[in-house]
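Heads up: the structure comes next, in structure tokens.
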Amino acid sequence: MPCADEIILSVHDLVHRYLDRYTALDGVSLDIGRGEKVALLGANGCGKSTLLKVLDGLLFADTGTYEAFGEKVTEDALEDEQFSRAFRSRVGFVFQNADAMVFSPTVREEIAFGPLTMGLDTDVVEQRVVDTLAMLDIAALADRAPYQLSGGQKKRVAIASVLVMNPEVLLFDEPTAALDPRTQQWLIELMVELHHAGKTIVLATHDLDTLEVIADRCAVMSEEHQIVRTGTVGEVLDDRRLLLDVNLIHERSPLRRA
Amino acid sequence: MTAHTSAPVTATPRWLVTGEIGLCPCSSIGRRRKGSYLAKTIDGAAGVVRQALFADDLAKERGLLQRIEPRVKVVSLLALLVVTALQRTVPGLLAVYAVALALAALSRIPVGFFVKRVWLFIPIFTGIVVLPATLSVVTPGHVVLPLGSCFGHRVGVTSQGLRGAGLIVTRVATSVSLVVLLTLTTSWSRLLAALRALLVPRMFVMVLAMAYRYLFLLLGSVQEMYVARTARTVARADARGGRRFVAASAGAVFGKATTLADEVHQAMVARGYRGEIRVLRVRRPGWTELVWVVTMTVVAVSVIGLDRALR
């Protein structure tokens, strides 16, 4: 667990239901420390994506609390322009579905969307867009339309559109899902690099093979939508009974760890 | 940890391990049928996507019109449209059409493709509408092609009617050519940027841009559903089955569109969207645009002068 004075995101006893009927989170508590790499592990439909959306202030708790950078994050608080601007610029979210994130007519405009809505000066935005395009090696795509991009290229654009805002915390929902091995490796290395640059990373995944590289702490969610265990990657991967109980692995699933 | 592979994964039904009777060994001797209306519609949708992609390729060529700043191009081609609307003689209109053809060639648009794209639809839409106007009962005058008599009057195609119809058809073809020139040489994104600069409300432009962008995605979904259905269709599907598929896929696409709309909105909010949109600067017009505007003004004045001289 991170030291209390370093905690930047904290959810406590959080309950969220869709349509007031379908429980997605049931009494979830989790603290994220500054500069951590935390993986939310769990089977499909256990509530990982919902928790990430709560952490990004896109969904709100029915009961329970969420605090970011020492401030309570509620629907009401995000109505405040100053708070909303500060929160949105400090927390970035890369959705699983890159198509949802790439809505502008061109890649360049897509990447500029966030910093422009933040109210940054156009010159600064233009320079940041150029830098981000170069960093993610997508300068050649700058004037392309989204429907002309492959899945991997769309993912890069989606990440660029978040990185350009220089957030302190990066939330990734199933980052390596549906990507070819080359793009997967590129993304894993990028996340490690961003972590070294001081970013806090929270990701939802069920890819156990890459866990040791992309996370140093895990929160395991059960199919009852609760966090049943937090611990280091080693502790979690060694607990085969736990992974079986939360339906992350099959009885005959091999694990790389000896 | 080691993998265990000895135990059965699921209870396999007996029929699944028995071979099915496949195609008749005497090869393809069954009845052949043409594709259904459904296949044609889906193919049409795929064609729309292909055409949009091809049009974008043309917009990236380094031709004359592609170099002109989009706002200047929109305004100048709109001005040429007004000049076309003011023409009262066929030669005047043909002069503007010739300008459009020259611009197409200078913009590296295959002229055959450009002409076909315009003239394929003109006879269908305009030709049929103006056909009655060529007859002496609508436009009296000198009959050049007698068709018979009605209540003692000679009925036929008149030279005045032909001239009027020719004027309308040429005007429509020229106007459509100018619009096609604009859309083929300007990428959708630049066209939108030009609309924004021409004081079209930003929210309207944004909705237009997103509708166009996600139309491609949803068209892709429809195609995938159709291909998945075709892959599992052994016997010929009847029209009723086709209708059912259309209804089911319309429902599925509607559901997908709703979910997608929610996600897109969340993605926008996550990046600070609060109802207002800001955009990057668009390029300022330079010397190229100045030369272009002067040339187009000379062309417009010459065409108007020619038209007046021929009246």
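The values are calculated or read from the model by the stated rules, or taken from the named source; none is laboratory data. On a predicted model such as this, the values are computed, not experimentally measured, just so you know. Positions of Cβ are backbone-derived with ideal geometry, glycine not excepted, and every protein chain shown enters the neighbour counts.
Checked against the criterion of being within 14 Å of chain B (Cβ to nearest Cβ) and either touching a His at 6+ places or on another chain (Cβ under 9 Å) or modelled with pLDDT of 95 or more (or both), segment A:210-224 contains not a single residue that satisfies it. Within segment B:131-166, the set of residues being closer than 26 Å to B:Arg311 by Cβ, within 37 Å of the chain's Cα centre (by Cα) and of a type in the set (Val, Ile, Thr) comprises B:Thr134, B:Val138, B:Thr139, B:Val157, B:Thr158.
Spot the failing condition for B:Phe204; the list is (1) surrounded by 16 or more Cβ atoms within 10 Å (Cβ to Cβ); (2) among the aromatic types (Phe, Trp, Tyr); (3) more than 21 Å from B:Ile68 (Cα to Cα), and only one is missed. Only one criterion is unmet by B:Phe204, namely (1).
Consider segment B:222-277 and keep the residues that are among the β-branched types (Val, Ile, Thr) and away from every other protein chain (no Cβ under 11 Å). The one that is surrounded by the most Cβ atoms within 10 Å (Cβ to Cβ) is B:Val222. Residue-level analysis places B:Leu101 outside the set of residues that are at pLDDT 90 or above and over 30 Å from B:Arg163 (Cα atoms). Taking segment B:36-153 and the helices (runs of 4 or more DSSP H) fully enclosed by it, the elements with 2 or more residues that are among the charged types (D, E, K, R) are at B:37-60, B:70-86, B:111-119. Residues of segment B:96-129 that are in contact (Cβ under 8 Å) with a residue 60 or more places away in the chain and of a type in the set (D, E, K, R): B:Arg117 alone.
If you go through segment B:207-248 and keep only what is in a helix (DSSP H, G or I) and hydroxyl-bearing (Ser, Thr, Tyr), you end up with B:Tyr212, B:Tyr214, B:Ser221, B:Tyr226, B:Thr230.
Residues of segment B:278-292 that are buried (at least 16 other Cβ atoms within 10 Å of the Cβ), hydrophobic (A, V, I, L, M, F, W, C) and assigned to a helix (DSSP H, G or I): B:Trp292 alone. Taking B:Thr170, is it under 24 Å from the mean Cα position of the chain (by Cα), part of a helix (DSSP H, G or I) and more than 30 Å from B:Pro285 (Cβ to Cβ)? So B:Thr170 fits the description; yes.
Counting only residues that are among the aliphatic types (A, V, I, L, M) and over 13 Å from the mean Cα position of the chain (by Cα), which one in segment A:195-218 is surrounded by the fewest Cβ atoms within 10 Å (Cβ to Cβ)? Filtering segment A:195-218 for residues that are among the aliphatic types (A, V, I, L, M) and over 13 Å from the mean Cα position of the chain (by Cα), the one surrounded by the fewest Cβ atoms within 10 Å (Cβ to Cβ) comes out as A:Ala197.
Does segment B:35-44 include one or more residues that are small (Gly, Ala, Ser), modelled with pLDDT of 70 or more, out of contact with any helix residue (DSSP H, G or I) (no Cβ under 9 Å at 6 or more places or on another chain) and closer than 30 Å to A:Arg252 by Cβ? So far as segment B:35-44 goes, no, none of its residues is small (Gly, Ala, Ser), modelled with pLDDT of 70 or more, out of contact with any helix residue (DSSP H, G or I) (no Cβ under 9 Å at 6 or more places or on another chain) and closer than 30 Å to A:Arg252 by Cβ.
Only a single criterion out of (1) in contact (Cβ under 8 Å) with a residue 12 or more places away in the chain; (2) of a type outside the set (Ser, Thr, Tyr); (3) under 28 Å from A:Met165 (Cα atoms) is not satisfied by A:Glu81, namely (1). Among the residues of segment A:224-244, those identified as assigned to a loop (DSSP other than H, G, I, E, B) and under 20 Å from the mean Cα position of the chain (by Cα) are A:His225, A:Gln226. Looking only at segment B:249-270, decide whether some residue is among the charged types (D, E, K, R) and either more than 30 Å from B:Leu192 (Cβ to Cβ) or not in a helix (DSSP H, G or I) (or both). Within segment B:249-270 (the criterion being among the charged types (D, E, K, R) and either more than 30 Å from B:Leu192 (Cβ to Cβ) or not in a helix (DSSP H, G or I) (or both)), the answer is no, since none of the residues qualifies.
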